[in-house]
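A quick write-up on the structure given underneath.
The values are calculated or read from the model by the stated rules, or taken from the named source; none is laboratory data. Because the structure is a prediction, the values reported are computed rather than measured. Here the Cβ is made from the backbone with ideal geometry for all residues, glycine too, and neighbour counts use every protein chain on show.
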Amino acid sequence: MPAEFKQYKRKEIAQLRPYQTGDDMAGVSISDADKRNGSPKEGDMIARNPDDATDMWLVAKDYFEKHFAPVE
């Protein structure tokens with residue numbers, strides 16, 4: 001039986017930038033679920049690992065808007 005899901009809060013500030021039409025997406029991971037929903041598309045964000053700038057993944061617009069806020 002798989003382990004139970006638990007809630008976790010992020011410890012660090014995330015690094016993200018907006019996806020722009022025409023961006024080279026080589027090296028950016030996109031989940032199958034996001035691909036099925038039409039990503040990459042306007043409003044999506046590209047996140048990167050602050051410890052390894054080559055480790056990047058797409059964050060869908062709806063998830064981004066629900067879970068992230070800019071650092072002031």
For Pro70, indicate whether it is at pLDDT below 95 and either under 14 Å from the mean Cα position of the chain (by Cα) or not in a helix (DSSP H, G or I) (or both).
yes
Restricting to the stretch 44-72, give me the number of residues that are out of contact with any strand residue (DSSP E or B) (no Cβ under 7 Å at 6 or more places or on another chain) and exposed (fewer than 13 other Cβ atoms within 10 Å of the Cβ).
12
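Scanning for something touching a residue at least 24 places away in the same chain (Cβ under 8 Å) and surrounded by 10 or more Cβ atoms within 10 Å (Cβ to Cβ), does the stretch 34-43 turn up at least one residue?
Scanning the stretch 34-43 turns up at least one residue that is touching a residue at least 24 places away in the same chain (Cβ under 8 Å) and surrounded by 10 or more Cβ atoms within 10 Å (Cβ to Cβ).
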What number goes with the only condition from (1) at pLDDT below 95; (2) in a helix (DSSP H, G or I) that Pro2 does not pass?
(2)
